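Student: Right, I'll just put the structure down here and ask away after.
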Amino acid sequence: MNRRTAMAMGAAILALTTAAACSSSKKSSGSGGAKTYNLAFVQGVAGDAFYITMDCGIKAEAAAEGAKVTTQGAQKFDPTLQTPVLQSVIATKPDAILIAPTDVSAMQAPIAQAKSQGIKIVLVDTTLNDPSVAVSAISSDNLGGGKAAFEAIKKLAPGGGKVLGVGVQPGISTTDARDKGFADAAKADSKYQYLGVQYSQNDPAKAASIVSAALQKNPDIVGIFASNLFSAEGTATGIRQAGKQASVKVVGFDAGPDQIKALQDGTVQALIAQQPATIGKDGVQQAIKALKGEPTTPKIGTGFTIITKDNLTSAEGKAAAYKAAC
Ligand code: T6T
């Protein structure tokens, strides 16, 4: 497959450029009277290479701005676990919180509570039903990413056939949008039969068993789209267990170390890598602008890179891979 880089739309790029251009040249040094801002990052889940890479972007930008950052995340991608994490962060009275809400509705009130205490909110990656609680919301073009995943499967399996989605759980803005983008594109192409999406609850073992069962029921599946890192990890396991590497084309969102390995060994054919470090960097810039009373950008879109075996070892492919540590 040819090397392809898909970027989010012009407006998004413009927004990014604006955010970068507006990066303050006046740093808060913490000395000489300038305020040192205390920022907190609440991840969607701990131990996820996507949020680890975002954290690296946040820490680098915060250091450049002379701000301090603390990072916390629950052990599962679950609003009932994220809420107490957020509440403990609120109790430390940070100036701003960057958060990836784990559910569009369940996290609305806990985040509103933070805002009501005068804390500036920036939504990073995922969003809420009502994002107006935040000074800025920064994310990939997830709908476009799902559509791009179907286009990738089309190139890999041009003859058409059955395609399946392996999702995470309903209520997550990002993965819901990716699933929709993929489903809409698949349904619009009469050569393909869309088998629907099944949810892994962000558990690779569950994703693997979904894939095993689906391949038993429909041995002629030609393509699978896994809409995040852990679903993709489990999908690759399911494909290996079924010995279907040669006949089923897999496209996964995200580019963690395990996914890069699956691409190298030929279990997965394409990865849609987001730009988590850029999301984090933009998030810090927006938080600091809000704290300084400067105008912020309500919605910022970031791009993605499609990684295949062809560009994996190129500078572009290497730069797009997520980090396991900063
Ligand atoms: O795909 C990312 C993130 O964008 C999504 O909101 C949740 O899952 C990940 O963190 C990957 O595990």
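The values are calculated or read from the model by the stated rules, or taken from the named source; none is laboratory data. Remember, it's a predicted structure, so these values are computed and weren't measured experimentally. Using ideal geometry, Cβ is built from the backbone for each residue, glycine included, and neighbour counts are taken over all protein chains shown. Accessible surface is based on the protein model in full, side chains and every heavy atom, while ligands, DNA and RNA are left aside. Shrake-Rupley method; radii C 1.70, N 1.55, O 1.52, S 1.80 Å.
Student: Highest mean first, what order results for 98-105, 129-136 on Cβ atoms within 10 Å? Before the final figure, lay out each step's value.
Tutor: Values: 98-105: 25.5, 129-136: 18.4.
Ranked from most to least packed, the peptides come out as 98-105, 129-136.
Student: Can I ask one more? For a quick protection proxy, order the peptides 68-80, 197-209 by their average other-Cβ count within 10 Å, most packed first.
Tutor: 197-209, 68-80
Student: Averaged per residue, what accessible area in Å² does segment 96-164 show with a 1.4 Å probe, protein chains only?
Tutor: Heavy-atom accessible area per residue stands at 33 Å².
Student: Can I ask one more? Residues of segment 116-153 with the amide nitrogen closer than 14 Å to a label point 7 Å from the Cα of D184, along Cα-to-Cβ, please.
Tutor: Under 14 Å, as judged by backbone N against the label point of D184, lie 141-151 of segment 116-153.
Student: Another question about this same structure. Roughly to the nearest percent, how much of the accessible area of segment 142-273 is carbon and sulfur, given a 1.4 Å probe?
Tutor: Ligands and nucleic acids excluded, carbon and sulfur reach 53 percent.
Student: Right, another one. If you take the alpha carbon radius of gyration of the chain and divide it by 2.2 N^0.38 Å, what ratio comes out, to two decimals? Working shown, then result.
Tutor: Working: Rg = 19.8 Å, N = 326, 2.2 N^0.38 = 19.8 Å.
Here the answer is 1.00, to two decimals.
Student: Where does each of 163-173, 267-277, 299-309 land if you order them by average Cβ count within 10 Å, highest first?
Tutor: Going by the mean number of other Cβ atoms within 10 Å, highest first, we get 267-277, 163-173, 299-309.
Student: When a/c is below 1.5 the answer is rounded, else prolate if a/b is larger than b/c, else oblate, so apply that to segment 142-273 with a ≥ b ≥ c taken from the square roots of the Cα gyration tensor eigenvalues.
Tutor: Rounded is the answer for segment 142-273, as its axis ratio a/c remains below 1.5.
Student: Using a 1.4 Å probe and ignoring any ligands, DNA or RNA, find the accessible area of T297 and quote it in Å² to the nearest 10.
Tutor: 30 Å²
Student: Right, here's the next one. Roughly what would the spin-label model give for A64 and S105, points 7 Å off Cα along C-beta, in nm?
Tutor: For the pair A64/S105, the computed spacing is 4.0 nm.
Student: Just subtract the alpha-carbon distance of A315 and A246 from 0.36 nm times their residue separation and send over the number in nm, one decimal.
Tutor: 22.0 nm
Student: Take the Cα of K191, step 7 Å along the line toward its Cβ, and report every residue of segment 122-152 whose backbone nitrogen sits under 18 Å from that point.
Tutor: 147-152
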